[in-house]
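Trainee: Encoded as structure tokens, here's the structure I'll be asking about.
The values are calculated or read from the model by the stated rules, or taken from the named source; none is laboratory data. Quantities reported herein were computed from a predicted structural model and do not represent experimental measurements. For neighbour counting, all protein chains shown are included, and Cβ atoms are generated from backbone atoms with ideal geometry for every residue, glycine included. Remember, those area values only see protein heavy atoms, side chains included, never the ligands or the DNA or RNA. Shrake-Rupley method; radii C 1.70, N 1.55, O 1.52, S 1.80 Å.
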Amino acid sequence: PAQFQLAVPVAVVFAPGSVPGDLPKALPFRDVQEMEIPVNLRTSVTSRYEMVYRSTTAQEEAALDVATAQEADAALRPLQDTSLGSLTVYVVPETSSLLPQGTSVYVGKHRSALVRAGSGLAALHTRLRQLMQVMSFTASSIAAALSDRVPNSQLGPDARRHLKSSLGYEITFSLLNPDPKSHAVDWDIEDAVNRYVRPILDKLSLVANFSVDSQILYYAVLGVTPRFDKESSSFLLSAHSLPHVINPVEARLGSSAASLYPVLNFLLYVPERSHSPLYIQDKDGAPVSTNAFHSPRWGGIMVYNVEAPAAPQASLPLHVDVDMVRVMEVFLAQLRLLFGLSREELPPEFLLESPGNEGLADWELDRLLWAHTVENIATVSTTLTSLAQLLDKIGNIVIKDDVASEVYQAVASAQSAMAELAAGHLHSAFQASKEAVTSSERAFFDPSLLHLLYFPDDQKFAIYIPLFLPMAVPILLSLAKIVREARQRKKEPTKMD
């Protein structure tokens, strides 16, 4: 049974005037808070928050002596522990003007937060607990990572939306122009990718390798004919017809077949002139503000309407320049959803700093790494168990040394990942979990095992019997004849000359 221990190093740093009167000991001191995350009978997850309580240093005090929380976040960054998975919480006096009114917790874009002290230790603890749930992992994010082992009743609605952990992902941006006679569409996808997608992928490069490509497809139509709505004189796609939109388009995309890694598809659809303007409706029949929808683990589609020409006799095709800022906002939001980086519902007194150009905060990257590390270890355990069961079934299988060494390597790396998690070293735990996945897959898909998988004993009989039967029939018949003749000879007494 897998027993995960996830240790999170947390520094709680008190600014002058913020130390609660009811602290159990004099600063600095350590404290550990443990929490059980229920998964199933064979897998248990314990989270250990290893807290260090201390006072601010002179440098930290100076960094906190600024006008806004954003400035404090930037000034504190060089002074804090930047190792992956660690958190630093600066406690400021309840009356501090650093945080806007009505905000008691400010989450920065790195690995730290500012928290108002509250009226005593109990209030501070409540805020700290909420904060650690936001910035490291929650029971639901770990359950989603172990979704193959968790009963469905325990999973939230989003658990199966996220992409499975993989060593690489391929991202394809496609522009669909079903009506090139009417619309000549231009999109500067290269610039948009460099400007908006690259910064996020650079940040995610720790998690996996990414490749990005783009294509324009002509005459590619959606699989559903939209409904004309007289009132708004526009065409509508209803929520229940959206799943049927993807299949015919997917046949044209043609990238996922040859890919080793999961492919994420982002499609920009410019509706044909006869179906313009086209709007997507949600389940309640209200128009979707982004005019886009996403499909879990697959990607997203955005409908981009073209303004009708003012003069009806305007020459066709119309020239269309796509507004890439608007499009990329939608695609990046969908990318975050697919990676499970969507913001959960937060208490009203929380304020999250926008990650800006990089698209995700450092602590969001950590959240992803916690979940992927746990998922990788679970995957390795499943792969090796399947391999062991398989080898038990096939008695005469030969395991080559290199396969055996991959199996040992996978087990050692997985154990090392578990140990690093328990020590609170997220970065090395994640790297070890990736190595374990690579080794276990190499062992499982080794060519020397592969042909034996498809050649169990009963198949041998099924193959050889049809070959030998035609030859066996005359042999058996002649054997029977020989036996008959031998008996015949015994019966007939030998003639004496």
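Trainee: For L260, work out the one condition from (1) surrounded by 17 or more Cβ atoms within 10 Å (Cβ to Cβ); (2) in contact (Cβ under 8 Å) with a residue 60 or more places away in the chain; (3) not basic (K, R) it doesn't fulfil.
Mentor: The one condition L260 does not meet is (1).
Trainee: Within region 28-40, take every residue that is open to solvent by 50 Å² or more (accessible area, probe 1.4 Å) and in contact (Cβ under 8 Å) with a residue 12 or more places away in the chain and give me the one that is farthest from T385 (Cα to Cα).
Mentor: The qualifying residue farthest from T385 (Cα to Cα) is P28.
Trainee: From the list Y53, Y49, which residue is within 18 Å of W370 (Cα to Cα) and either touching a residue at least 60 places away in the same chain (Cβ under 8 Å) or within 36 Å of the chain's Cα centre (by Cα) (or both)?
Mentor: Y49
Trainee: Related question: Looking at region 366-375, which of its residues are out of contact with any Leu (no Cβ under 7 Å at 6 or more places or on another chain) and either hydrophobic (A, V, I, L, M, F, W, C) or surrounded by fewer than 17 Cβ atoms within 10 Å (Cβ to Cβ) (or both)?
Mentor: Selection gives A371 alone.
Trainee: Here are some residues: A404, A486, A422. Which one is in the same structural domain as T373 (by the TED database), at pLDDT below 95 and surrounded by fewer than 16 Cβ atoms within 10 Å (Cβ to Cβ)?
Mentor: Only one candidate qualifies: A404.
Trainee: Moving to a separate point now. Would a scan of region 1-14 turn up a residue that is among the polar types (S, T, N, Q) and open to solvent by less than 70 Å² (accessible area, probe 1.4 Å)?
Mentor: The answer is no, given that none of the residues of region 1-14 is among the polar types (S, T, N, Q) and open to solvent by less than 70 Å² (accessible area, probe 1.4 Å).
Trainee: Separate question: Quick one: in region 339-357, which of the residues that are in contact with an Asp or Glu (Cβ under 8 Å, 6 or more places away or on another chain) and in contact (Cβ under 8 Å) with a residue 60 or more places away in the chain is surrounded by the most Cβ atoms within 10 Å (Cβ to Cβ)?
Mentor: Filtering first and then ranking leaves P355.
Trainee: Right, another one. From the list A251, A184, pick out the single residue that is surrounded by fewer than 19 Cβ atoms within 10 Å (Cβ to Cβ), touching a Pro at 6+ places or on another chain (Cβ under 8 Å) and either free of Cβ contacts under 8 Å to residues at least 24 places away in the same chain or not in a loop (DSSP other than H, G, I, E, B) (or both).
Mentor: The unique qualifying residue is A184.
Trainee: While we're here: For V91, which of the numbered conditions (1) within 30 Å of N357 (Cβ to Cβ); (2) among the β-branched types (V, I, T); (3) open to solvent by 20 Å² or more (accessible area, probe 1.4 Å) fails to hold?
Mentor: Among (1) within 30 Å of N357 (Cβ to Cβ); (2) among the β-branched types (V, I, T); (3) open to solvent by 20 Å² or more (accessible area, probe 1.4 Å), the lone unmet condition for V91 is (3).
Trainee: Okay, moving on. Exactly one of (1) closer than 30 Å to V325 by Cβ; (2) free of Cβ contacts under 8 Å to residues at least 60 places away in the same chain is unmet by L365. Its number?
Mentor: Tallying (1) closer than 30 Å to V325 by Cβ; (2) free of Cβ contacts under 8 Å to residues at least 60 places away in the same chain, L365 fails exactly one: (2).
Trainee: Check region 200-213 and report whether any residue there is at pLDDT 90 or above, out of contact with any helix residue (DSSP H, G or I) (no Cβ under 8 Å at 6 or more places or on another chain) and either of a type in the set (K, R) or more than 30 Å from W363 (Cα to Cα) (or both).
Mentor: Taking every residue of region 200-213 in turn, none turns out to be at pLDDT 90 or above, out of contact with any helix residue (DSSP H, G or I) (no Cβ under 8 Å at 6 or more places or on another chain) and either of a type in the set (K, R) or more than 30 Å from W363 (Cα to Cα) (or both).
Trainee: Need pairs with beta-carbon distance below 7 Å; first residue within 28 Å of F137 (Cβ to Cβ) and within region 60-87, second open to solvent by less than 10 Å² (accessible area, probe 1.4 Å) and of a type in the set (D, E, K, R); sequence gap 6+ or separate chains.
Mentor: Every condition considered, the pairs that remain are L76/E60; L79/E60; L84/D366; G85/D366.
Trainee: Pick from S83, S104: which is at pLDDT 90 or above, of a type in the set (S, T, N, Q) and more than 24 Å from K25 (Cα to Cα)?
Mentor: None of the others qualify; the one that does is S104.
Trainee: I'm checking my understanding of the structure. Among residues of region 215-246 that are β-branched (V, I, T) and open to solvent by less than 60 Å² (accessible area, probe 1.4 Å), which one is farthest from W298 (Cα to Cα)?
Mentor: The extreme case among them is V224.
Trainee: Just to be sure, is V212 over 30 Å from H110 (Cα atoms) and in a strand (DSSP E or B)?
Mentor: Criteria not met by V212.
Trainee: Here are N265, N305: which of them is open to solvent by less than 40 Å² (accessible area, probe 1.4 Å), in contact with a helix residue (DSSP H, G or I) (Cβ under 7 Å, 6 or more places away or on another chain) and either among the polar types (S, T, N, Q) or in a loop (DSSP other than H, G, I, E, B) (or both)?
Mentor: Criteria check complete, one pass: N265.
Trainee: Also: Taking only pairs six or more apart or across chains, which ones have beta-carbon atoms under 6 Å, a first residue in region 383-395 that is modelled with pLDDT of 80 or more, and a second residue that is in a helix (DSSP H, G or I) and among the polar types (S, T, N, Q)?
Mentor: That search, which allows pairs on different chains as well, returns T383/S440; L384/S440.
Trainee: Take P78 and tell me if it is farther than 21 Å from F430 by Cα, surrounded by fewer than 18 Cβ atoms within 10 Å (Cβ to Cβ) and in contact with a Gly (Cβ under 6 Å, 6 or more places away or on another chain).
Mentor: Judged against the criteria, P78 is not a match.
Trainee: Any idea how many residues of region 268-292 are open to solvent by 40 Å² or more (accessible area, probe 1.4 Å), touching a residue at least 40 places away in the same chain (Cβ under 8 Å) and acidic (D, E)?
Mentor: The total comes to 1.
Trainee: Separate question: Which of the residues spanning region 118-142 are among the hydrophobic types (A, V, I, L, M, F, W, C) and either modelled with pLDDT of 90 or more or open to solvent by less than 10 Å² (accessible area, probe 1.4 Å) (or both)?
Mentor: Correct list: L124, L128, L131, M132, M135, F137, I142.
Trainee: Keeping to region 47-59, report how many residues are farther than 21 Å from M135 by Cα and open to solvent by less than 10 Å² (accessible area, probe 1.4 Å).
Mentor: Qualifying residue count, region 47-59: 0.
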